[in-house]
Amino acid sequence: MLNITDPCELKAADIYRQARTVASKTSRSTDSHWYRVPEELPWQWHLWFDGGREVCSATFSKQSNVWQPGPTLPLANLTTGEGVSEILGELMSSRYFQDKPKALGVILHVADEFALSEIAQAGEALGEAGEDFQILRYNLVDDPKEVLADRDVSTDANSWRLLPFWGAPTGQQKCAAVMLSRSREAFLQTLLTCAENLRMPVRTAVTCAAVECLAALPLLRPEMQEGCLLAFGFYKFTAVFAISGTGELQAVRSLSHRSGQQVPTGFGDILWNMALGAELETPKVVYVSSQPQALQTAASDLEIYSLSRQMIHFEGVNLTEHPALAVIPGHRPEFLIYDSTAVEQVRSGKTPLAKAGTFKALWESWARQSFMDTARLDNLYPSQQDLRLLRFSSWLVYLLVFCLVGTGGYGTYSLFAAMNHPSWSLTPTEMLQTKSKHEQLLQEKKQIDVTEQLLQPRSRGWVTLEFLLQLFPEDSGVRLDSFYYTADATRYNGKKTKEGPKGSVGMVRTWTLKGLVKPKAMELLSTLNTQRGLSALFDRVATATGDESYRPDPSRQLTVTLTQGRNSSFDSQAGPGDLARDPTLAFPFNFTAALTQTLTEKDALALPLENPF
C-alpha cells in the first residue's frame, strides 16, 4: 500500500510529488469508481454478523438485481484479517457476479451491538424548528465529543451516527446517537490494502443492522396501519422501536440479552413503559426474528406478562418464511434497502408506511449511514479532478519538451543548411552577375504586374447591354429613345518624375438614358432615384454577369440625375392604328437619367500610369 501522508502536513512540492506517485501507481485518475459510495457500485459484497458462529455473506449485482450467496468468511477473520487476499481474488472472478467486477463495494452490517448515547443540548443544536438534523449529523461525525452528553468517550475505539425521532412528541427526546465499535475496521483496512495493490477500486462501509431492519418495515409489514412497538431480536440484543399511528418513529431502546437468554430480562415491563411513553392506545408488539425458538420464547414471556400484569398484544414475524426475503441470502431484511426492486416499491409509496416521513428519510440516506469515516481517508488522496489536471500537465510538459527539441533541431538544421549554401562559395564577379540577374527578374515581374493590371476588363459591351436589361426588364413600360455609355479616366493629381507619372488614376463611368415611360414604370424610376435602389441595381448586374467592377463598395461613388416630364405627343384617345404609326402616343411621361460610377485611384480597377516596357 502507498505510504500516504496528510497533505496538511506537507509542503507544496511534497504534495505534488505525492500526487504524482498516486497518479502513477493507482487508477484513481481514470477510474471514477474510486469516488463512489459502496451502494452505488454495480458489484457489491454484503457481510452480516451478529456475534454467532457464522457470518452471512452475500453478493449483489446491481445492474441485473441478482442476489446470491457469497464466499464463506469465518467470524475470526473479521478480527484478524486473514485470508483477505484469497477471498478478494474469488470475488474478482465471474463466479459470484454475472460479469467480471471492475470495482467492489463492501458493506459490513453490524448486528452484534446496538448502543444508544444521549445528545447534549439537542434542542439548541436542532434549532427553533427542532428538525435541523443535518447539522447535528455532520457535527457528530466530525467532533463527537462536542455533541455527546458524555464527553469522556474514546473516538479511537467507537464511532457514532445520528438517529432522529421524526415522530417524537413535543417535550420528548428528538434524537439519539447510535454507537458501534471500530473493532471491525481492521478487516476492511486490510481489504483496502490488498485492493490498492491490485489497482482495484474497493469502497467500504459499516452500517447498523438494527436501523436497516427498521427501514425494511414497509416491506415486512406493508398492511400495518396502527401504532405499535417493533422489536427486532438479534443474538446479543433486542432493538425496540416505537412507531406512531402515522408511521413515525417516536423512541428507541436497546435491550441486551443476559446469560445467553433469547429475550431481555423484564421484557414485558420495558415494553409496557415504552407503550405508555409513546401514547399507544393498545399496547401491541410486533416481534421480528429469524429464529423460531426466539419467537416462541418471546410469545411465551409476553403471554405470561399479559395474564399476570398488563395486556400486551403480540404478533410474531418469522423472517425465514417471509416472501419479501425469499431471494435474499440468509433472509436478512438489512439487505432489502440495497435491492433495486425493493427501493422502487418503497419510492412508489404503495404501502401506507412508505409514505411516512420516517421511512422516506431512512430509505433516502439515514439507514445507510456508514460508521467508518472513509471521507477522512479519501481526503488524504488527491481528487479525481486534481489527478486529471496533473495528467494533463504531464502531457503539456511532454509537448513543450517535444516543441523545444523540434525547434532546436530545426534551428540546427537551418544553420547547417545556411552555412553550406552554395552562395558562400561565389566569387565577386559571380555575385555581381547574380545581383544583376535578380534585379532584371524583379523588373520583369514589375512589368508583368503592371501589364496584368492594365489589361483587366473594366468595360465590356455585353455587360453594358445586361445593365440595360437589369435596369428596365421586359414589358416594364419603358421606351428608350437614346442611350450613351462613356468611361473616362479621372484627372491625375500626383507628381511627375523624370521616368514619367507614378501610381494610378481612377475612372468615371456614365450611363445616359433618355426615353418615355408609362405610369406603371414610374415606381421603377422612383426606386432608381434613391441610393439604396441604385446600389441594388449595380449589385444585381455584378451578380448576373460576374463583373466585379459593378459591385458596390464604400470606396466607389454612385450618383444619379433623373429628370421627369410630360410627353407632349401623348394622346389618350389614340386608336390602334394611330399607335402603330406613332408609338410615342401611348407614353404619357418622358425622362432623362444619368447614372455615374466613380472609381478612385486606390481601387483595384484603377488605371496604372507606369510604362510597363
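Coordinate-derived values only; no laboratory data. This is a predicted model, so every value here is computed, not measured. Virtual Cβ from ideal backbone geometry, glycine too; neighbours counted across all protein chains shown.
Among 93-102, 214-223, sorting by the average number of other beta carbon atoms lying within 10 angstrom of each residue, highest first, gives 214-223, 93-102.
Computed with the Debye formula from one identical point scatterer per Cα of segment 52-107, without solvent, the log10 of I(q)/I(0) at q = 0.21, 0.22, 0.23, 0.24 Å⁻¹ comes to -0.83, -0.90, -0.97, -1.04. Each stretch of four or more DSSP H residues adds -39500 (n - 2.57); spread over every residue of the chain, this sum gives -11000 deg cm²/dmol at 222 nm. Only Cα sites of segment 135-293 enter the Debye sum here, all with the same form factor; the resulting log10 I(q)/I(0) across q = 0.15, 0.16, 0.20 1/Å is -0.96, -1.06, -1.35, listed in q order. Protection proxy ranking for 241-248, 185-192, using the average of other Cβ atoms within 10 Å per residue and placing the highest first: 241-248, 185-192.
Out of every Cα-Cα pair in the chain, what percent are more than 49 Å apart? The share of Cα pairs beyond 49 Å in the chain comes to 51 percent. Pairs of Cα atoms in segment 444-548 fall into 10 Å distance bins, from 0 up to the last occupied one, in shares of 11, 34, 28, 16, 9, 2 percent. Residues in segment 82-87 carry Karplus couplings, in order, of 6, x, 5, 5, 5, 5 Hz; the curve used is 6.51 cos²θ - 1.76 cosθ + 1.60 with θ = phi - 60°, and Gly or Pro positions show x.
The lysines within cross-link reach of Lys446, meaning a Cα-to-Cα straight distance under 24 Å and a gap of 8 or more places when in the same chain, are Lys435, Lys437, Lys495, Lys496, Lys498, Lys502, Lys602. Tell me which aspartates and glutamates have Cα within less than 17 Å of Lys355's Cα, excluding those fewer than 8 residues away on the same chain? The qualifying aspartates and glutamates are Glu223, Glu226, Glu248, Glu344, Glu364. Net charge in the neighbourhood of Ala544 (other residues with Cβ under 15 Å of its Cβ; Lys, Arg +1, Asp, Glu -1) is -2.
For segment 320-390, the calculated P(r), taken from all Cα-Cα distances in 5 Å bins from zero up to the bin holding the longest distance, is 3, 13, 17, 16, 14, 10, 10, 9, 6, 2, 0, 0 percent.
Between Ser504 and Leu609, the built amide H atoms are under 5 Å apart, and every one of these is 5 or more places off in sequence or on another chain. Taking 10 °C and 1.306 mPa s as conditions, segment 145-234 diffuses translationally at an estimated 95 µm²/s according to Stokes-Einstein applied to its Kirkwood radius (Cα pairs).
Charging the Cβ of each Asp and Glu at -1 and of each Lys and Arg at +1, and nothing else, the dipole of segment 415-537 about its Cα centre rounds to 460 debye. Taking each of Lys62/Lys350; Lys236/Lys360; Lys62/Lys100; Lys62/Lys102; Lys25/Lys102 in turn, the alpha-carbon distance tops 20 angstrom for Lys62/Lys350; Lys236/Lys360.
Across the chain, the relative contact order, built from alpha-carbon pairs under 8 Å that are at least six residues apart, equals 11 percent.
Just so you know, the Cα atoms of segment 489-613 work out to an Rg and Dmax of 20.8, 71 Å. The H on the amide N of Ala251, modeled in the peptide plane, is under 5 Å from the matching H of Ala242, each at least 5 residues off or on a different chain.
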